[in-house]
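Since the structure comes first, as structure tokens, the remarks are kept for the end.
The values are calculated or read from the model by the stated rules, or taken from the named source; none is laboratory data. Everything quoted here is computed from the prediction, not taken from an experiment. Counting neighbours? That spans all protein chains shown, and the Cβs are built from the backbone with ideal geometry, glycine included. Just so you know, the surface numbers come from the protein's heavy atoms only, side chains and all, with ligands and any DNA or RNA stripped out. Shrake-Rupley method; radii C 1.70, N 1.55, O 1.52, S 1.80 Å.
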Amino acid sequence: MSLEPLTAISPVDGRYRATTEALAGYFSESALMRMRLTVECEYLTALSETKGVGMRPLTADEKARLRALPHIAVDDARIIQKIEREGYSGIPATNHDVKADEYFIKLQLRNSSLTDVLEWVHFALTSEDVNSTSHALALRGALEEVMLPAIDTVAKEIVGLARKHADSAMLARTHGQSATPTTFGKEMNVFATR
């Protein structure tokens, strides 16, 4: 079944897709894959910088390569999905989403100077370590890049209404009854402040 507003699982990806599309970059399946890859690659970098672990230090170029790896395209996400579901390029099906991300990293790095550290990928991590951190990164990114700027736009609009209508008298209400008159601008300013 193809994805369209009437076949989507929820109205978020159906009816409201045009409004919520910016969030797909943070909460879609491929976005979760990118976040997991980010966590795994940053963790590998941190292991290389931790004394006593036994992993060799990485060069600046190797660290840059690890930090670039999570910037995957949809075709790369399809490869990860294939690793999970049916296997890919000699890798048997993992039937596990985080393991598929791990194998994708190893696949991407196997012909590089990082070949000797491939077994350090996902070392001492649980899937929950990766997933919970990935979800936190997704939420932070969506908040900082999409939600808070949208809220700021609305707040600025409300402040603009407050200024524009600073002297527009209106009847106030308290407990459902008429109260001392106020101005529309003052009430909008109270709302904006809250």
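Residue pairs, Cβ under 7 Å, 6 or more apart or interchain, first in the range 8-37 and within 18 Å of Leu69 (Cβ to Cβ), second of a type in the set (Val, Ile, Thr) and assigned to a helix (DSSP H, G or I). List them.
Ser30/Val74; Met33/Ile80; Arg36/Val98; Arg36/Val130; Leu37/Ile105
Residues being loosely packed, with under 13 Cβ neighbours inside 10 Å and either at positive phi or assigned to a helix (DSSP H, G or I) (or both): count how many of those fall in the range 5-50. Before you say what the answer is, go through the steps one by one.
Keep residues of the range 5-50 that are loosely packed, with under 13 Cβ neighbours inside 10 Å, which gives 5-7, 9-11, 18-19, 21, 29, 46, 49-50.
Now narrow it down to the ones that are either at positive phi or assigned to a helix (DSSP H, G or I) (or both): 18-19, 21, 29, 46.
Looking only at that region, the number is 5.
In the range 65-98, how many residues are open to solvent by 60 Å² or more (accessible area, probe 1.4 Å), within 19 Å of Met35 (Cβ to Cβ) and not basic (Lys, Arg)?
5
Enumerate the pairs (first residue in the range 115-133 and more than 15 Å from Arg36 (Cα to Cα); second residue anywhere and open to solvent by 50 Å² or more (accessible area, probe 1.4 Å)) with beta-carbon separation below 8 Å, excluding pairs fewer than 6 apart on the same chain, so at least 6 apart or on different chains.
Filtered contacts from the range 115-133: Asp116/Arg56; Val117/Arg56; Leu118/Arg110.
Just to check your reading of the model, which residue among Asp101, Asp116 is of a type in the set (D, E, K, R) and open to solvent by 20 Å² or more (accessible area, probe 1.4 Å)?
Details: Asp101 fails: open to solvent by 20 Å² or more (accessible area, probe 1.4 Å).
Among Asp101, Asp116, only Asp116 is of a type in the set (D, E, K, R) and open to solvent by 20 Å² or more (accessible area, probe 1.4 Å).
I'm trying to understand the selection: among the residues of the range 119-147, which are open to solvent by less than 50 Å² (accessible area, probe 1.4 Å) and more than 24 Å from Lys63 (Cβ to Cβ)?
Across the range 119-147, the qualifying residues are Ser127, Ala142, Val146.
Which numbered condition trips up Val53, out of (1) assigned to a loop (DSSP other than H, G, I, E, B); (2) open to solvent by less than 30 Å² (accessible area, probe 1.4 Å); (3) more than 30 Å from Ile151 (Cα to Cα)?
Failed condition: (2).
Among the residues of the range 157-194 satisfying the criterion of being out of contact with any Gly (no Cβ under 8 Å at 6 or more places or on another chain), surrounded by 11 or more Cβ atoms within 10 Å (Cβ to Cβ) and charged (D, E, K, R), which is farthest from Ala24 (Cα to Cα)?
Result: Lys186.
With the structure loaded, tell me whether Arg67 is touching a residue at least 40 places away in the same chain (Cβ under 8 Å) and among the basic types (Lys, Arg) or whether it fails that test.
Values: touching a residue at least 40 places away in the same chain (Cβ under 8 Å): no; among the basic types (Lys, Arg): yes.
The answer is no for Arg67.
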